[in-house]
Amino acid sequence: MSEVNPSGVYVKRPVKVQRDASATGNMASGDKAAAGAAAKASGTADSTAADKAADKAELRDPLLAEKCEDSEGRRRIIAMRNIIKRFYIGTPNELTVLKGIDLDVFEGEFVAIVGASGSGKSTLMNIIGSLDRPTEGRYVLDDIDISKSRDAELSGIRNRKIGFVFQTYNLIAKTNAIKNIEMPMLYAGKGLKERNARAAELLALVGMEDRMHHLPEELSGGQKQRVAIARAMANDPAIILADEPTGALDSTTGRLVMDIFHKLHKEQGKTIILITHSPELAEECERIITLKDGEITGQRKGKGGGES
């Protein structure tokens with residue numbers, strides 16, 4: 001699979017200068033200067049200058065050129081500009097779910113996105129997770145322009161850059177806990193020994209090392225979610241995207257799951273985006289973003305914003 005250009009896709013094309021073939025063999029520096037003067041007199045230099053100006057404008061991507069750190073010096077890891085998502089385009093039932101979302105998330109933040117049912121949370125989550133594309137707008141994730149990435153590239157980006165935690169766990173039913181955690185690493189091309197060691201380490205991190213050979217049907221809801229969190233960490237992703245991770249759990253088990261997220265955030269500096277309808281859970285995060293009718297209607301600090 002072709003690799004995504006880490007510079008953000010913008011590649012400077014070579015500047016071509018027209019020259020007489022007889023004058024370009026082993027040209028000394030003085031000859032080069034003379035040729036440049038002759039070219040300028042003939043108008044060729046003006047053409048070259050125009051080419052250079054075009055190249056410079058192409059490289060100066062407004063989104064990538066913006067200030068990329070927050071007040072604490074943290075690097076911007078997500079940049080979304082004017083994200084619009086429509087469904088049933090061109091039909092009488094055309095529906096605009098997201099209406100011009102602008103959003104920045106910085107490395108090491110713990111952010112909650114809250115909103116009632118129908119606010120656009122799930123649609124926004126799918127776009128952040130590169131599971132869907134916006135109809136309009138720009139999305140840059142960890143200096144990769146997702147808006148310009150091909151479908152074949154997006155699967156690799158999801159595997160390397162994003163760790164998913166779903167409300168319903170999404171574990172593979174006939175595969176034990178440690179093999180579930182190994183799965184993203186298998187797709188990333190990592191060897192068996194490395195996969196096994198990393199999976200065991202992550203199971204210990206979430207307190208599930210004594211259940212590594214259990215199938216999902218042999219685990220409680222809370223245990224399944226802890227395995228799912230470990231799986232999300234498998235490839236050391238840039239962000240963890242958690243969609244209602246405590247929604248199917250009782251309050252005590254939900255508290256345990258949230259404590260794991262806080263541990264990952266504080267001890268490992270993980271960037272976590274929590275999608276939730278719970279004001280209480282959102283309040284634990286550093287920043288709370290409110291979504292209503294497909295628009296961001298407010299942003300404020302949560303109680304977690306006062307902690308380092």
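The values are calculated or read from the model by the stated rules, or taken from the named source; none is laboratory data. On a predicted model such as this, the values are computed, not experimentally measured, just so you know. Counting neighbours? That spans all protein chains shown, and the Cβs are built from the backbone with ideal geometry, glycine included.
Quick notes on this structure:
- Count of residues meeting criterion [closer than 20 Å to ARG76 by Cα and either charged (D, E, K, R) or out of contact with any strand residue (DSSP E or B) (no Cβ under 8 Å at 6 or more places or on another chain) (or both)] in segment 144-153: 4
- Residue satisfying condition, being modelled with pLDDT under 95, exposed (fewer than 15 other Cβ atoms within 10 Å of the Cβ) and not in a helix (DSSP H, G or I), within set ALA57, ALA116: ALA116
- Of all positions in segment 250-257, none carries a residue that is buried (at least 19 other Cβ atoms within 10 Å of the Cβ), among the hydroxyl-bearing types (Ser, Thr, Tyr) and in contact with a helix residue (DSSP H, G or I) (Cβ under 7 Å, 6 or more places away or on another chain).
- Listing of helices (runs of 4 or more DSSP H) fully contained in segment 192-308 that carry 3 or more residues being within 14 Å of VAL165 (Cα to Cα): 221-232, 251-268
- On the stretch given as segment 131-153, residues that are farther than 14 Å from VAL105 by Cβ and either assigned to a helix (DSSP H, G or I) or polar (S, T, N, Q) (or both) total 7.
- Test result for GLU244, buried (at least 16 other Cβ atoms within 10 Å of the Cβ), of a type in the set (Asp, Glu), under 27 Å from PHE106 (Cβ atoms) and in contact with a helix residue (DSSP H, G or I) (Cβ under 6 Å, 6 or more places away or on another chain): no
- Subset tally (residues that are touching a Gly at 6+ places or on another chain (Cβ under 6 Å) and either exposed (fewer than 14 other Cβ atoms within 10 Å of the Cβ) or outside any strand (DSSP E or B) (or both)) for segment 154-174: 1
- For segment 161-179, the condition holds for at least one residue, the condition being that it is without any contact (Cβ under 8 Å) to a residue 24 or more places away in the chain and not small (Gly, Ala, Ser).
So that you can scan it fast, the table gives a plain yes or no per residue for (1) crowded, with 20+ Cβ neighbours inside 10 Å; (2) within 20 Å of ASP259 (Cα to Cα):
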{"position": "ASN176", "(1), (2)": "no, no"}
{"position": "ALA188", "(1), (2)": "no, no"}
{"position": "GLU201", "(1), (2)": "no, yes"}
{"position": "LEU205", "(1), (2)": "no, yes"}
{"position": "MET208", "(1), (2)": "yes, yes"}
{"position": "GLU217", "(1), (2)": "no, no"}
{"position": "VAL227", "(1), (2)": "yes, yes"}
{"position": "ARG231", "(1), (2)": "yes, yes"}
{"position": "ASP236", "(1), (2)": "no, yes"}
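- Output for segment 98-117, where each listed residue is under 21 Å from PRO134 (Cα atoms) and among the charged types (D, E, K, R): LYS99, ASP102, ASP104
- Scanning segment 183-240 for residues that are of a type in the set (Asp, Glu) and without any contact (Cβ under 8 Å) to a residue 40 or more places away in the chain, we see that the one that is nearest to ILE273 (Cα to Cα) is ASP236.
- Meets criteria (at pLDDT below 95 and hydrophobic (A, V, I, L, M, F, W, C)) for ALA248: yes
- Among the residues making up segment 65-110, those that are assigned to a loop (DSSP other than H, G, I, E, B) and under 24 Å from LYS148 (Cα atoms) are GLU66, LYS67, CYS68, TYR88, ILE89, GLY90, GLU107.
- Odd one out for ILE144, checked against (1) crowded, with 20+ Cβ neighbours inside 10 Å; (2) farther than 28 Å from GLU267 by Cα; (3) modelled with pLDDT under 95; (4) not aromatic (Phe, Trp, Tyr): (2)
- Some residue of segment 103-116 being over 26 Å from GLY302 (Cβ atoms), in contact (Cβ under 8 Å) with a residue 40 or more places away in the chain and over 18 Å from the mean Cα position of the chain (by Cα): no
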